[in-house]
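**Q** Got a structure for you, questions after.
The values are calculated or read from the model by the stated rules, or taken from the named source; none is laboratory data. Remember, predicted model here, so these are calculated numbers, not experimental data. For neighbour counting, all protein chains shown are included, and Cβ atoms are generated from backbone atoms with ideal geometry for every residue, glycine included.
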Amino acid sequence: LVVTSSPGGSYSNWWCSMFNADLALSVTMTAISTFMSIFLLPVNLVIYATSSYSGAVVKSLDWIALFVSLIVVISAILLGLYCSYTVKSHKFNLLANKVSYCIMDYNCTRIRFFREEFMI
């Protein structure tokens with residue numbers, strides 16, 4: 001339910017780039033939808049959960065974890081934008097790419113371990 005309520009990601013930007021569409025518009029719309037997701041994702045969750053499930057499902061959702069996740073994602077995006085704006089160094093960009101790759105690799109490893117541990 002959370003995945004279907006989430007905004008579109010950068011995959012649409014890739015398609016725009018492939019088909020020579022307006023990439024700047026696509027990036028702008030992705031950024032706006034990401035920032036609007038802070039408010040609209042919980043609203044969508046309430047709408048979809050109440051229309052599809054009983055009221056107990058809405059009450060059992062972990063709203064604090066949802067908002068913390070949204071704040072972490074938006075903070076990381078803002079921090080990355082700020083760093084890229086203030087630090088004009090190619091070495092810094094390469095280092096930031098390596099660090100982000102390590103973080104993604106770590107998260108993928110944790111997900112793989114979680115699936116193996118709980119047989120999901």
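**Q** On the given criteria, is residue 43 among the hydrophobic types (A, V, I, L, M, F, W, C) and modelled with pLDDT under 80?
**A** It is false that residue 43 is among the hydrophobic types (A, V, I, L, M, F, W, C) and modelled with pLDDT under 80.
**Q** When you look at residue 50, is it surrounded by 11 or more Cβ atoms within 10 Å (Cβ to Cβ), modelled with pLDDT of 80 or more and hydroxyl-bearing (Ser, Thr, Tyr), yes or no? Can you show your working first?
**A** Numbers: surrounded by 11 or more Cβ atoms within 10 Å (Cβ to Cβ): yes; modelled with pLDDT of 80 or more: yes; hydroxyl-bearing (Ser, Thr, Tyr): yes.
Against the criterion (surrounded by 11 or more Cβ atoms within 10 Å (Cβ to Cβ), modelled with pLDDT of 80 or more and hydroxyl-bearing (Ser, Thr, Tyr)), residue 50 qualifies.
**Q** I need a count of the residues in the stretch 53-72 that are at pLDDT below 80, surrounded by 11 or more Cβ atoms within 10 Å (Cβ to Cβ) and among the aliphatic types (A, V, I, L, M).
**A** So the count comes out to 5.
**Q** Going by the structure shown, is residue 38 out of contact with any helix residue (DSSP H, G or I) (no Cβ under 6 Å at 6 or more places or on another chain) and part of a helix (DSSP H, G or I)?
**A** So residue 38 does not fit the description; no.
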